[in-house]
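Below is one structure, written out as structure tokens; the observations come after it.
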Amino acid sequence: METRKLGNSDLNITRVGFGAWAIGGGGWEFGWGKQEDEDSVAAIKRALEMGVNWIDTAAVYGLGHSEEVVARALQQWKGAGPYVFTKCSMVWNSERKVRKEHSANSIRRECENSLRRLQVSVIDLYQMHWPPADDGAGLEEAWEEMAALQKEGKVRWIGVSNFNVEQLKRAEVIAPVTSLQPPFSLIRRQIEAEILPHCEKSGIGVISYAPMASGLLTGAMTRERAATFAADDFRSRNPEFKEPRLSKNIELVERLRQIGNRHGRNPGEVAIAWALRHPAITGVIVGARNAKQAEGVMDAAGLTLSAQEIAEIDGAAVSAAAR
């Protein structure tokens, strides 16, 4: 697979990375419902077999469980070890309630816990999962501690997630930002206006998440499936999976399917290739819950869309949003 250098780091990452959010399983407020660990391990291993060279997880995914499953998969994997990325600043209590936390003590404790769960001696990319809810000085406190962890060798590079341009600038006063992880898909394009141009100009790598809109653009989503999400699947509360948005999104997927058929590809691969066409995007995070799903999407970077096809997709997306 083609690789690109991530920001100011020495990490050359494949255009697609394995996203480990869903494999955290259910039982927490941002989960994806029930998930079998054996399926998760098989999905990771299949992605690595296909050439993917990085895994993105977070401490909060499954309240530590995703990191443990990643460790289990890597113990079984016999090939070259992938880069392992994880995140901090979201913690939980004994009632499994999640909150944002940006104190230096918490960031250090979270790092130690992630190292233990992942069973690694160093984290390749450590990311602040969210800025503080009040946009206050906790941002600087957390980022200073992350920079200290980098100097100590506990993490190799540091990045952020879900930051706006002003927040990126505040962090950069303290220490360079290797990467930003924002949402980006055909139905969630807000970062195109200011954030992506800033990152491109500043040399900040971008690894975007949810290019298939949390499964909505895969081609496998139906009205029936969306209506039967488990209570612990966060998508059951997402307006994009409910009417009137759902029908418009399914209509958009059919246009992606038409384009994919020309290349022998599925709608999800077209959605991923569309995200990758932006020059500021270093790589995209793609989730899979079993080996078959991994086979269907992890090679999407090999699909090159023509300018005419990109225009066709953009037109369909604008049309869907307008109705």
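The values are calculated or read from the model by the stated rules, or taken from the named source; none is laboratory data. What you are looking at is a predicted structure, and each value in this text was computed from that prediction instead of being measured. Counting neighbours? That spans all protein chains shown, and the Cβs are built from the backbone with ideal geometry, glycine included. Ligands, DNA and RNA are excluded from the accessible area calculation, which covers all protein heavy atoms including side chains. Shrake-Rupley method; radii C 1.70, N 1.55, O 1.52, S 1.80 Å.
Take N105 and E144, extend 7 Å from each Cα along the Cα→Cβ direction, and tell me the distance between the two endpoints in nm.
1.6
Taking the radius of gyration and the Kirkwood hydrodynamic radius from Cα positions alone, what is the Rg/Rh ratio for the range 221-267, to two decimal places?
When Rh is taken as the Kirkwood radius, the ratio is 1.08.
Counting only heavy atoms of the protein chains, get the accessible area per residue of the range 180-265 (1.4 Å probe) and round it to a whole Å² value.
For the range 180-265, the per-residue accessible area is 47 Å².
Would you grab the residues whose amide H sits under 5 Å from the one on L180? Only those 5+ places off in sequence or on another chain, please, with H modelled 1.01 Å from N.
HN-HN under 5 Å from L180: V160, G205, V206, I207.
Hey, what's the per residue convex hull volume over the C-alpha atoms of the range 46-193, in cubic angstrom?
Normalising the Cα hull of the range 46-193 by residue number yields 135 Å³.
If the chain between V122 and E243 were fully stretched, how many nm would it gain, using 0.36 nm times the residue separation less the Cα-Cα distance?
This chain segment gains 39.1 nm when fully extended.
Given the protein chains as shown and a 1.4 Å probe, how many square angstrom of Y209 are accessible, to the nearest 10?
40
Calculate the FRET efficiency for V98 and K292 from the Cβ-Cβ distance with a Förster distance of 35 Å, rounded to the nearest 0.05.
Efficiency at R0 = 35 Å is approximately 0.70.
Using the heavy atoms of the protein chains and a 1.4 angstrom probe, tell me the accessible area per residue for the range 65-111 in square angstrom.
49
Quick one: work out the % antiparallel among DSSP beta bridges in the range 67-201, nearest 5.
Of those bridges, close to 25 percent are antiparallel.
Report the far tail of the P(r) of the range 178-256, meaning the percent of Cα-Cα pairs longer than 17 Å.
Counting every Cα pair in the range 178-256, those more than 17 Å apart make up 52 percent.
Top to bottom by accessible area (1.4 Å), largest first, where do T3, T218, T304, T86 land?
Largest accessible area first, the residues go T304, T3, T218, T86.
Ordered by residue, what ³J(HN,Hα) values in Hz, to whole numbers, does the range 22-30 give under the Karplus form 6.51 cos²θ - 1.76 cosθ + 1.60, where θ = phi - 60° and Gly and Pro are x?
Result, ordered by residue: 5, 6, x, x, x, x, 8, 5, 10 Hz.
When the solvent-accessible surface of protein heavy atoms is calculated with a 1.4 angstrom probe, in what order do S179, S121 fall, highest first?
The ordering from most to least exposed comes out as S121, S179.
Using R₀ = 22 Å, calculate the FRET efficiency as 1/(1 + (r/R₀)^6) where r is the Cβ-Cβ separation of E29 and R189; round to 0.05.
0.25
Calculate the spin-label point distance for E251 paired with K78, positioning each point 7 Å from the Cα along the beta-carbon direction, and give it in nanometres.
Taking the simple label geometry, K78 and E251 are separated by 5.2 nm.
For the range 85-131, rounded, prolate or oblate, judged on the Cα gyration tensor with a ≥ b ≥ c (square roots of eigenvalues), a/c < 1.5 rounded, else prolate if a/b > b/c?
prolate
Mind listing the Cα extents of the range 253-295 along all three principal axes, in Å, largest one first?
Between the extreme Cα coordinates on each principal axis of the range 253-295 lie 27, 25, 15 Å.
Rounded to the nearest 500 deg cm²/dmol, what is the calculated helix-only ellipticity per residue at 222 nm for the chain, with -39500 (n - 2.57) per DSSP H run of length n ≥ 4?
My calculation for the chain gives -12500 deg cm²/dmol from helical runs alone.
Restricting things to Cα coordinates, could you compute the convex hull volume per residue of the range 164-323 in Å³?
It comes to 134 Å³ per residue, whole-number rounded.
Let me check I have the definition right: for the range 1-115, take the eigenvalues of the Cα gyration tensor, multiply each by 5, take square roots. What are those semi-axes in whole Å, largest first?
In descending order, the three semi-axes are 25, 19, 11 Å.
Using a 1.4 angstrom probe on heavy atoms only, work out the carbon and sulfur share of the accessible area of the chain in %.
In the chain, the share of accessible area belonging to carbon and sulfur is 50 percent.
Once you have the alpha carbon radius of gyration of the chain, what is it after dividing by 2.2 N^0.38 Å, with N set to its residue count?
The value comes to 0.95.
Calculate the length of the line joining the C-alpha centroid of the range 284-322 to that of the range 109-148, in whole Å.
If we compute the Cα centre of each part, the gap is 31 Å.
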